[in-house]
Amino acid sequence: MTSYEQSRVLMKGNEAFAEGAIRAGCDAYFGYPITPQTELLEYMARRMPELGRVFVQAESEVAAIYMVMGAAASGARAMTSSSSPGISLKQEGISYLAGNELPAVIVNVMRGGPGLGNVAPAQGDYFQATRGGGHGVYRTIVLAPASVQEALDLTALAFDLADRYRTPVMVLADGSVGQTMEPVVLKEYQRPQDLPPKDWAIGSCAGRMKRTLHSIGLEPEVLAEWNQRLQEKYARIREREVRWDGYGLEDAQLAVIAFGTSARVSLTAVRLAREAGLPIGLLRPVTLFPFPDREVADLAARVNGILVVEMNEGQMLEDVRRVAGSNCRVRFFGRLGGVVPAPEDVVSALWAFWEEVR
Amino acid sequence: MATEQLVLSRPRSQSETITHYCPGCSHGVVHRLVAEAVDGLGLRERAVLVAPVGCAVFAYNYFDFDGCEAAHGRAPAVATGIKRCRPDLFVFTYQGDGDLAAIGTAEIVHAAARGERISVVFVNNAVYGMTGGQMAPTTLAGQRTTSSPTGRDIARAGSPIRVCEMLATLDGPAYIARVSVHNPGAIRKAGAAIRRAFACQVADLGFSLVEVLGTCPTNWGLGPSEALRWLEENMTPHYPLGEFKVIEGVAGL
């Protein structure tokens, strides 16, 4: 047996988020049960105390995000997780994390909405996640895993990005990624050597000036300066942290753009269509904020059409249209209410689109 | 030749920043009692304050140790996060009645129920101060505020909540007391209770809370001296002073 095989295990997506966090040195987890992410909380409930780390089942999603805020303020690597309605409750706290410039990781295993909706996989929280989600002028980095392996890897990456930019990072998955079991390779986590020291964290003021963490700026000019500093941070993030994946794009005349489970389904559809002779490729944004603007713009300049596939009414579609402009035709294929599209349906949509743009 | 002897000075834990509080407001007195307790127990270098939203929103500016803000009502959750990650620190929240007894009810109840090793200084002045004098969960029956202009109607708005009595039914708290700052004797007792609550955390005995009845002359529409009399005559009958929970081990502190 090679060491590679030894480190391959079968794991559920929700467990992979947890394991990825633990491997990345997550010091503290605070959560509240909600389907379809509860296995994440349960995994943490079992493992964190074994490792001598902090686990608290909070009285609400609201309390959980503020426990994260306290933990992050003390310099710990802190995390919470939930699913769509619970994430809505956390949005005030995420805004406070952004305002206080506190690093933290939030996992959203999306389900159908609005309201109580259902517990089936959906992608209806794209706008909420990529536009900030709470009140005020801020963004969070958003990572979109499309497999159990990525659930593990991107959660670990989320902690590094959070610490590097002093910002909350959201891992935006859907119920299908959370509930699917797949083999994953467990890699040794290496903490980047160049992460900035947490010389802002509160704790013991012995031998130094006291430190205060807050987000208040009553003078408009003071708050404006603060806002501007955040904008500069987001500009750096846009410049440096775009991540995406491509398949068959080199010779493509038609492209699909999709994230998460929609991208997984679309990859199968693209393979089937290519086998049948359609010159098509797939672009999968891994970071939803920052969105791969340049890559999508380049793609739009050289293909005849782009089909955006999402499990919502067309939210990422707006980002694709914003970037593609009038360079190529953009169409949308979506499924609502927690329905996962079948690859065959996407293939049919692709052929119809091809007839229109060829 | 006359000699000068220093008999009273600013506590080390109190910063020299001039506060934004109104004349006659009780927050200044309570801040001093907190600073004296922190100093008295030698906690300054490991003290962390979680400030509320409300009149005490800038409380971290008035103490000379680390602090952070919390959203309205969430101070006990923020304090939980800090204390769980850094059990070596002394972590306390400072909250008003709107913050703790209305929007933050879930957080205070569950922090108390978990026996979270934090301390809470809860200032009850029966009104929302920062927003200009609206009805609080602790506003007295018949008390006029800007949102109960004809007086609190308990048939519609319910009776004022007695936080100490409510929390004392839980198993998590080690120490719960209600004090007042309406005269020098009361202030001395208030200081002793705050010190005892803080000592509970140091001794790892459990959750501790001191409710301090205070004045809000501005929003009550009274002068500072009248406000102190109003507190004693109107608030203490509904909010009896005393200790509501003292578990074994606290008595010796």
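Rule-based calculations on the coordinates, nothing more; no lab input. No experiment lies behind these values; they were computed from the predicted model shown. Neighbour counts are summed over all protein chains in view; Cβ atoms, including those assigned to glycine, are modelled from backbone coordinates with ideal geometry.
Grab the other residues whose beta carbon is less than 12 angstrom from that of B:Gln143, score K and R as +1, D and E as -1, and report the net.
+1
Averaged across the residues of B:40-51, what count of C-beta atoms belonging to other chains lies within 10 Å of each residue's C-beta?
Counting other chains' Cβ atoms within 10 Å and averaging over B:40-51 gives 3.
So if a site counts as exposed when it's one of the GluC sites (Glu not before Pro), its DSSP state isn't H, G, I, E or B, and it has at most 16 other Cβ atoms within 10 Å, what's the longest stretch of chain B without one?
Maximal segment without exposed cleavage sites: B:17-247.
Under the definition of partner shielding as Cβ atoms of other protein chains within 10 Å of a residue Cβ, what is the mean value for peptide B:83-95? Please report the intermediate quantities before stating the final value.
Working: counts 5, 13, 16, 10, 1, 2, 4, 1, 3, 0, 0, 0, 0.
Per residue, the number of nearby Cβ atoms from other chains is 4 on average.
Measure nothing fancy, just the Cα-based angle from helix A:84-100's long axis to the longest principal axis of chain A, in degrees from 0 to 90, nearest 10.
Here the helix axis deviates by roughly 60 degrees.
Where a Cα-Cα gap under 24 Å defines reach, which lysines qualify for B:Lys83, not counting those fewer than 8 residues away within the same chain?
Partners found: A:Lys90, A:Lys198, A:Lys210, B:Lys245.
Please work out the Cα center distance from the range A:94-151 to the range B:23-62, rounded to the nearest Å.
About 36 Å separates the Cα centre of the range A:94-151 from the one of the range B:23-62.
With both partners inside the protein assembly as shown, how many of the DSSP beta bridges are antiparallel, as a percent to the nearest 5?
Percentage antiparallel, nearest 5: 25.
Would you calculate a helix-derived [θ] at 222 nm for chain B, using -39,500 (n - 2.57) for each DSSP H run of n ≥ 4 and dividing by the full residue count, to the nearest 500?
Rounded to the nearest 500, it is -8000 deg cm²/dmol.
Looking at the range B:1-152, send over the antiparallel percent of its DSSP beta bridges, to the nearest 5.
20 percent
Take peptides B:128-134, B:193-199 and line them up by average Cβ neighbours within 10 Å, highest first, as a rough protection proxy.
Answer by packing, highest mean first, reads B:193-199, B:128-134.
If you fit an axis through the alpha-carbon atoms of helix A:148-165 and take the longest principal axis of the Cα set of chain A, what angle between them do you get, 0 to 90°, nearest 10?
Helix A:148-165 and the main axis of chain A meet at about 50 degrees.
What spacing in nm lies between the two simple spin-label points modelled at B:Glu232 and A:Val339, each 7 Å away from Cα in the Cβ direction?
7.4 nm
Percent antiparallel among DSSP beta bridges with both residues in the range A:225-292, to the nearest 5?
Expressed as a percentage, antiparallel bridges in the range A:225-292 total about 50.
Please work out the Cα center distance from the range B:191-253 to the range A:209-287, rounded to the nearest Å.
Spelled out, the Cα-based centre of one part sits 52 Å from the other.
Please give the contour-minus-distance gain from A:Arg271 to A:Phe127: 0.36 nm per residue of separation, less the Cα-Cα distance, rounded to one decimal in nm.
Values: separation 144, 0.36 × 144 = 51.84 nm, distance 2.89 nm.
Computed gain between A:Arg271 and A:Phe127 is 48.9 nm.
Highest mean first, what order results for A:185-191, A:315-321 on Cβ atoms within 10 Å?
Taking the mean over residues of other Cβ atoms within 10 Å, the ranking is A:315-321, A:185-191.
Once you have a ≥ b ≥ c as the square roots of the Cα gyration tensor eigenvalues for the range A:244-357, tell me rounded if a/c is under 1.5, and otherwise prolate or oblate according to whether a/b is larger than b/c.
rounded
Would you mind checking the range A:94-123 for residues with the amide N under 11 Å from a putative spin-label position 7 Å along Cα→C-beta of A:Glu313?
A:114
Just tell me, in residue order, which DSSP H segments of chain B are both 24 angstrom or longer along the helix axis (alpha-carbon based) and at least -0.5 in mean Kyte-Doolittle hydropathy.
Result, helices passing both filters: B:184-202.
Using the 10 angstrom Cβ neighbour count as an exposure proxy, how do A:Asp194, B:Asp64, A:Asp293 rank, fewest first?
The fewest-first ordering by Cβ neighbours comes to A:Asp194, A:Asp293, B:Asp64.
Placing +1 at every Lys and Arg Cβ and -1 at every Asp and Glu Cβ, with all other atoms neutral, what dipole size does chain A have around its Cα centre, in debye to the nearest 20?
The calculated dipole for chain A is roughly 520 debye.
Please arrange B:Trp230, A:Trp351 by counting, for each residue, the other beta carbons lying within 10 Å of its beta carbon, fewest first.
So the residues, fewest neighbours to most, are A:Trp351, B:Trp230.
In peptide A:7-19, how many Cβ atoms from other protein chains are near each Cβ within 10 Å, on average?
On the way: counts 0, 0, 0, 0, 0, 0, 0, 0, 0, 0, 0, 0, 0.
Shielding by partners across A:7-19 averages 0.
What's the FRET efficiency of A:Asp298 with A:Asn118 using the Cβ-Cβ distance as r and R₀ = 45 Å, to the nearest 0.05?
Taking R0 as 45 Å, the efficiency between A:Asp298 and A:Asn118 is 0.75.
Determine Rg/Rh for the protein assembly as shown; Rg is computed over alpha-carbon atoms and Rh is the Kirkwood hydrodynamic estimate from the same atoms.
Result for the protein assembly as shown is an Rg/Rh of 1.06.
Viscosity 1.002 mPa s, temperature 20 °C: Stokes-Einstein D of chain B from its Kirkwood Cα radius, in µm² per second?
Working: Rh = 18.1 Å.
Rounded, D is 118 µm²/s.
Would you mind ranking A:Ser88, B:Ser9, B:Ser208 so that the residue whose beta carbon has the fewest other beta carbons within 10 Å leads the list?
Working: A:Ser88 17, B:Ser9 7, B:Ser208 31.
Listed from fewest to most nearby Cβ atoms, that is B:Ser9, A:Ser88, B:Ser208.
For the Cα atoms of chain A, what angle does the longest principal axis make with the long axis of helix A:220-240, in degrees from 0 to 90, nearest 10?
Once rounded, one gets 50 degrees.
At A:Ile216 and A:Glu232, where each label point lies 7 Å from the Cα along Cα→Cβ, what is the point-to-point distance in nanometres?
2.5 nm
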